[in-house]
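> Got a structure for you, questions after.
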Amino acid sequence: MTKKVLIKNIVLISVLIYFIFLSIDIITKNTASIHSSYLKYTAICLCFTLTLLINHHGYNNKDTLLLQMAFFFTLIADFFLVILNWPTPGVFTFIFVQSMHKLRHLVKYRLSKKNIFIFLVINLILLLFFPLLPHGTIPFHLYLISVFYGSLLSINLIDSIKTLNEKANSKENSLFIALGMFLFFMCDINVALFNIIDNNITGFFIWLFYFPSQLFLSLSGYDITYLKNILR
């Protein structure tokens with residue numbers, strides 16, 4: 001099996017797994033079922049594998065390494081959240097995930113004062129929102145970690161949209177990054193809603209958005225010409 005065939009098969013298998021675990025969630029009406037959870041984690045493992053196969057088919061070594069580090073921490077974070085159901089270490093590890101994505105953006109852009117200001121404003125707004133939550137919804141220490149994480153994700157979403165107007169990447173690659181971060185953001189909006197209202201619809205939307213976000217981000221590390229050659 002050639003490397004191109006391997007990559008294509010991994011993409012196809014991971015998409016197939018995606019539709020299987022979504023179907024399980026719909027049929028069982030339980031987004032945390034054990035069978036669904038292991039399939040979800042397997043799909044994320046396959047996305048990590050895709051980043052490991054980039055090698056010299058990426059844009060540069062630093063970009064590839066940062067993307068691989070982001071997915072390495074994603075595996076750890078999802079193990080805590082999906083397999084062990086330990087929210088605090090899971091969300092904390094996701095801070096490292098977003099930090100790697102931020103560093104990836106910094107390879108192309110400098111850290112602006114505007115971004116720092118937006119980061120601080122988002123933190124302040126989210127902290128002021130805590131007293132409005134239903135009592136006992138989420139422990140304060142976990143909320144603090146989530147606020148920092150959410151602010152970092154928001155900045156990464158802004159940076160990813162900027163890539164659409166930059167020439168550092170191809171248009172297709174920039175679109176993968178922007179789509180990946182947007183879907184990542186939508187996933188975590190539903191995570192927040194799930195913790196507040198706790199229903200199956202928001203739980204279903206979490207993974208509806210999350211897996212595609214990881215697939216787009218993992219593929220964003222490939223040179224688009226090479227990727228088109230694989231997936232055509």
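The values are calculated or read from the model by the stated rules, or taken from the named source; none is laboratory data. Just so it is clear, the model here is predicted, and its values are computed rather than measured. Don't worry about glycine lacking a Cβ; one is built from the backbone with ideal geometry, like all the others, and counts go over all protein chains shown.
> What residue, among those in segment 192-221 that are within 24 Å of L52 (Cβ to Cβ) and among the hydroxyl-bearing types (S, T, Y), is modelled with the lowest pLDDT?
Once the filter is applied, the top-ranked residue is S220.
> Restricting to segment 20-37, what's the tally of residues that are in contact (Cβ under 8 Å) with a residue 24 or more places away in the chain and either of a type in the set (A, V, I, L, M) or surrounded by 13 or more Cβ atoms within 10 Å (Cβ to Cβ) (or both)? Give the derivation first.
At the first step, the residues of segment 20-37 found to be in contact (Cβ under 8 Å) with a residue 24 or more places away in the chain are 21-22, 25-26, 29-32, 37.
Subsequent filtering for residues that are either of a type in the set (A, V, I, L, M) or surrounded by 13 or more Cβ atoms within 10 Å (Cβ to Cβ) (or both) retains 21-22, 25-26, 30-32, 37.
The total comes to 8.
> Given the conditions (1) modelled with pLDDT under 90; (2) farther than 16 Å from Q68 by Cβ, and given that R104 satisfies all but one, which numbered condition is not satisfied?
It fails just one condition, (2).
> Take segment 1-19 and flag every residue that is within 15 Å of F209 (Cα to Cα), without any contact (Cβ under 8 Å) to a residue 60 or more places away in the chain and surrounded by 14 or more Cβ atoms within 10 Å (Cβ to Cβ).
The answer is I17, and nothing else.
> Just checking, does segment 25-40 include any residue being of a type in the set (F, W, Y) and touching a Leu at 6+ places or on another chain (Cβ under 7 Å)?
Among the residues of segment 25-40, not one is of a type in the set (F, W, Y) and touching a Leu at 6+ places or on another chain (Cβ under 7 Å), which makes the answer no.
> OK, next. Restrict the check to segment 202-225 and report whether at least one residue is without any contact (Cβ under 8 Å) to a residue 40 or more places away in the chain, aliphatic (A, V, I, L, M) and part of a helix (DSSP H, G or I).
No; the residues of segment 202-225 include none that is without any contact (Cβ under 8 Å) to a residue 40 or more places away in the chain, aliphatic (A, V, I, L, M) and part of a helix (DSSP H, G or I).
> Could you run through segment 152-197 and say how many residues are surrounded by 17 or more Cβ atoms within 10 Å (Cβ to Cβ) and either acidic (D, E) or in contact with a Cys (Cβ under 7 Å, 6 or more places away or on another chain) (or both)?
Adding up the residues that qualify gives 2.
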